[in-house]
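Novice: Quick one: the structure is below, questions incoming.
Quick note: the coordinates plus some simple rules give every number you see, no bench work behind them. Small disclaimer: the values here were computed from a predicted structure and weren't measured. Cβ: placed from backbone, ideal geometry, glycine included. Neighbour counts: every protein chain shown.
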Amino acid sequence: MTSTPASAAVAPLTIQDAEALVATASTAAEAAGVTVAVTVLDAGGHLLAFRRDDRAVLIAGETSNRKAYTALQLGAPTAELVDAVKPGGLFHTLPTALDRPLLFIAGGVPVFRDGRLVGAVGVGGGAPEQDHGFATAAVEALA
């Protein structure tokens with residue numbers, strides 16, 4: 001009797017993947033004239049790569065990290081979660097319920113491989129819609 005694995009192994013994000021995500025998001029931001037910070041986390045929420053443009057506001061580093069973490073924990077782009085934390089929303093109390101704060105501002109995008117969550121990228125420093133666009137461009141280029 002041979003056994004078949006319940007699910008095939010999915011390759012985790014590598015440091016090369018993380019560097020490619022940072023480079024693509026940073027290049028997209030530069031092309032738009034926006035200074036940003038970019039954070040890439042692996043599936044466990046551990047930092048794989050980070051870069052903050054030296055002209056970006058200092059808080060961009062923190063927001064990029066929290067956006068990536070939020071997208072990772074909920075498996076969805078933060079842009080899709082903004083309404084969920086408004087009063088009466090499904091996740092209204094979630095931003096303050098955890099030890100590590102979540103950030104429900106557009107700019108965090110999960111990274112999936114073969115349908116499995118393998119990490120997330122977060123971008124901070126531009127307008128939320130811009131950050132979302134830069135993060136999305138990076139994830140799409142990785143695919």
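Novice: For region 133-142, in order, what is each residue's ³J(HN,Hα) by Karplus, 6.51 cos²θ - 1.76 cosθ + 1.60 with θ = phi - 60°, in whole Hz (x at glycine and Pro)?
Specialist: With coefficients 6.51, -1.76 and 1.60, one gets x, 5, 5, 5, 4, 5, 5, 5, 5, 6 Hz.
Novice: How large is ³J(HN,Hα), in whole Hz, for each residue of region 20-34 in order, when computed from phi with the Karplus curve 6.51 cos²θ - 1.76 cosθ + 1.60 and θ = phi - 60°, using x for Gly and Pro?
Specialist: Result, rounded to whole Hz: 5, 4, 4, 4, 5, 5, 5, 5, 4, 5, 4, 4, 8, x, 10.
Novice: OK, next. Calculate for the chain the 222 nm mean residue ellipticity that helices alone would give, adding -39,500 (n - 2.57) per DSSP H run of length 4 or more and normalising by residue count, nearest 500 deg cm²/dmol.
Specialist: Mean residue ellipticity, 222 nm, calculated: -11000 deg cm²/dmol.
Novice: Highest mean first, how do 67-76, 20-29, 83-92 rank when packing is the count of other Cβ atoms within 10 Å averaged over residues?
Specialist: The most tightly packed comes first, giving 67-76, 20-29, 83-92.
Novice: Normalised by the number of residues in the chain, what is the relative contact order in percent for Cα pairs under 8 Å and 6+ residues apart?
Specialist: 29
Novice: Ok, one more. Test of understanding: express the Cα radius of gyration of region 102-141 as a ratio to 2.2 N^0.38 Å, with N the residue count.
Specialist: Compactness ratio reported: 1.14.
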